[in-house]
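Comments concern the structure below.
Please treat every number below as a calculation from the coordinates, not as lab data. Nothing here was measured: the structure is a model prediction, and the numbers come from that model. Every residue, glycine as well, gets a Cβ built from its backbone with ideal geometry; the counts of neighbours run over all protein chains shown.
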Amino acid sequence: MVRASFAKQGMLQAIGARLVSIEPGQCRIDLPYSDAVSQQQGFFHGGAIGAIGDVAAGYAAYSLMPQGSEVLTVEYKINLVKAARPPLLLAEAQVLRAGRTLTVCRSEVFRVEGSDRELCAVLQATMMRVEPAVR
């Protein structure tokens, strides 16, 4: 269910994000550095950092929802705590509290190089369970 949904995320495909793992209440997404996600000083763009943090949180929430549900972000807050240098970002999200309609999640986004990890951003998000949209 999550992998099929992830494959439909056009923006994530365009920037090269990859679903690393999904478990109940947890999700990991990585993003290799490219010109598509860079900013003028050679770091990862803050928008790309927010995008993978948001999506990881969304899929962490989605993994706990009843079959046939969808998820939408209601709000998120992000703290960019360190400039994110290449080569790779990893967003790790977990559900903090799952409710019937609203689910609160936290994502941490790390810069990864080999076995080294540096925290670059922390994101807290509220997700809402919705009925599938008709397209």
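Just a few scattered comments:
- Amide H contacts under 5 Å for Ala84, placed H, 5+ residues apart: Phe44
- Cβ-based exposure ranking for Ser63, Ser115, in which fewest neighbours within 10 Å come first: Ser115, Ser63
- Note on the chain: GNM, Cα springs under 10 Å; of Arg111, Arg28, Arg18, the largest mean-square fluctuation is that of Arg18.
- Judged by the mean number of other Cβ atoms found within 10 Å, the most tightly packed of the peptides 44-50, 11-17 leads the ranking 44-50, 11-17.
- By the beta-carbon count within 10 Å of each Cβ, the least crowded to most crowded order of Glu118, Glu108, fewest first, is Glu118, Glu108.
- Rounded to the nearest 20 debye, dipole of segment 2-130 from Cβ charges on Lys, Arg, Asp, Glu: 280 debye
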